[in-house]
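S.K.: What follows is a single structure, and I will ask about it in a moment.
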Amino acid sequence: MFQVELSRQTQTLSVVLEEILTSPIMWFFYALIPCLLIDGVAVLPAPQNLSVQSTNMKHLLTWSPVIVPGEIIYYFVEYQGEYESLYMSHIWIPSSWCSPTEGPACDITDDITATVPYNLHVRATLGSQTSAWSTLQHPFNRNSTILTPPVMEVTKDGFHLVIKLEDLGPQFEFLVAYWRREPDAKEHVKVVRSRGIPVHLETMEPGAAYCVKVRTFVKAIGRHSPFSQAECVKVQGETLPLALALFAFFGFTLMLVVMPLSVWKMGRLLRYSCCPVVVLPDTLKITNSPQKLISCRKEEVEACATAVLSSEEPFRSWI
C-alpha cells in the first residue's frame, strides 16, 4: 500500500511539473526574467557589430542601433589604451565626444592619440535601463588607417605653375612631384606642408606642358599614400598675349609723340627762367641816335654854365 501511495504522489507531481514546464506563458516569463533583471536593474540589449572605419587618420566607431519603438536610445563610448591597460589598472576613459551620443556612430579621432592598440566598448541607455557593455572584437591601432591621395587643383597663373591641396589635418605632409611633359623629362619633388592655400611650383616655359601628381605622408605612423593621377596644364606658345602686345604698341607710339613735346616745353621753360625778356618802359627807350643825344646834352650843359656865370658876376664886382 505504501508503495502504491508513493507512486501515485510521484505521478501527480510529475503531471503538475509537466504542465508548468509546457505552459507557453511560463516559458515566456522564465525567458524574460534574465533579460529584465540584472542586480535588480532593468537592462537593454547590448549594441552589436562594433567596427572602426579609419581613413586618412579619421577614426569612426560604428555599431548596430538598439531599437525601442517610440524611444530615443543614448550610447556611451569608452576606450582603453596601452597606458591605461598596463599602468592604470585597466581603467576605461569616456570618449570626449560620445558620452553620451544619440546616433550609432562616434568620431574617436581625438581619443586615439598614440600608435598603440586601443580597446573600445559601447553600451546603450534608456532612462534607468542600461545594456551590457559590448566590446570591439579586435583592438584598433591607428597605423591601420587607409591613406588616400589628397584632392588637388592644378592651375597656371600667367607662366607660374600653381597647386592647391586638400586640408587633411596637421599630421599630413604632401610630396608633390612635377615635371615637363617631354621624353626623358626629369621629375622634381617638393615637400608641401601648407594646406588649403595655393603653392607655386615652377615658372613654366611658353608652349610647354607640365604635369603634377601628389601623395601624402604621415610621420606619426610612418606611411605614405599612393600617388594621385597626374594632372597636366599647358602654357600658350605666344610669348605675350595679344592684349599686352597691343598695349605695348600704343604705349610706345604715345611715348614717341609725347617725348618731343616734353623736351620742347622743357627747353622753353629753362629759357624763360634763365634769360627772361624784359620790356623797357617808353621813357627809357632811345628814339634818336646816340651822337645827337650826346650833342644835345653838351649844348644844354654849356647853356647852364653860362647862366650860372652870369648870376655870379654881381658878387665878383661887389668884392
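S.K.: Taking strands (runs of 3 or more DSSP E) that fall entirely within the stretch 185-225, which contain at least 1 residues that are open to solvent by less than 40 Å² (accessible area, probe 1.4 Å) and in contact (Cβ under 8 Å) with a residue 40 or more places away in the chain?
M.R.: 199-203, 209-218
S.K.: Which of (1) within 27 Å of Cys232 (Cβ to Cβ); (2) hydrophobic (A, V, I, L, M, F, W, C); (3) modelled with pLDDT under 95 does Val176 not meet, given it meets every other one?
M.R.: (3)
S.K.: Only residues that are surrounded by 17 or more Cβ atoms within 10 Å (Cβ to Cβ) and either at positive phi or not in a strand (DSSP E or B) (or both): list them for the stretch 140-156, please.
M.R.: Asn141, Arg142, Thr145, Leu147, Pro149, Pro150
S.K.: Still on this model: Contact list please: Cβ distance under 7 Å, first residue in the stretch 115-130 and charged (D, E, K, R), second residue open to solvent by 50 Å² or more (accessible area, probe 1.4 Å) and in a strand (DSSP E or B), pairs at least six apart or on different chains.
M.R.: That search, which allows pairs on different chains as well, returns Arg123/Phe76.
S.K.: Examine the stretch 126-134 for a residue that is in a loop (DSSP other than H, G, I, E, B), at pLDDT below 95 and open to solvent by less than 50 Å² (accessible area, probe 1.4 Å), and state whether such a residue exists.
M.R.: No, that holds for no residue.
S.K.: Just a yes or no: is a residue in the stretch 98-105 in the same structural domain as Ser134 (by the TED database), over 21 Å from Asn49 (Cβ atoms) and modelled with pLDDT of 95 or more?
M.R.: Scanning the stretch 98-105, I find no residue that is in the same structural domain as Ser134 (by the TED database), over 21 Å from Asn49 (Cβ atoms) and modelled with pLDDT of 95 or more, so the answer is no.
The values are calculated or read from the model by the stated rules, or taken from the named source; none is laboratory data. Nothing here was measured: the structure is a model prediction, and the numbers come from that model. No Cβ is skipped: glycine too gets one built from the backbone with ideal geometry, and neighbour counts run over all protein chains shown. For the accessible areas, the whole protein counts, side chains as well, though only heavy atoms, and no ligand, DNA or RNA atoms are used. Shrake-Rupley method; radii C 1.70, N 1.55, O 1.52, S 1.80 Å.
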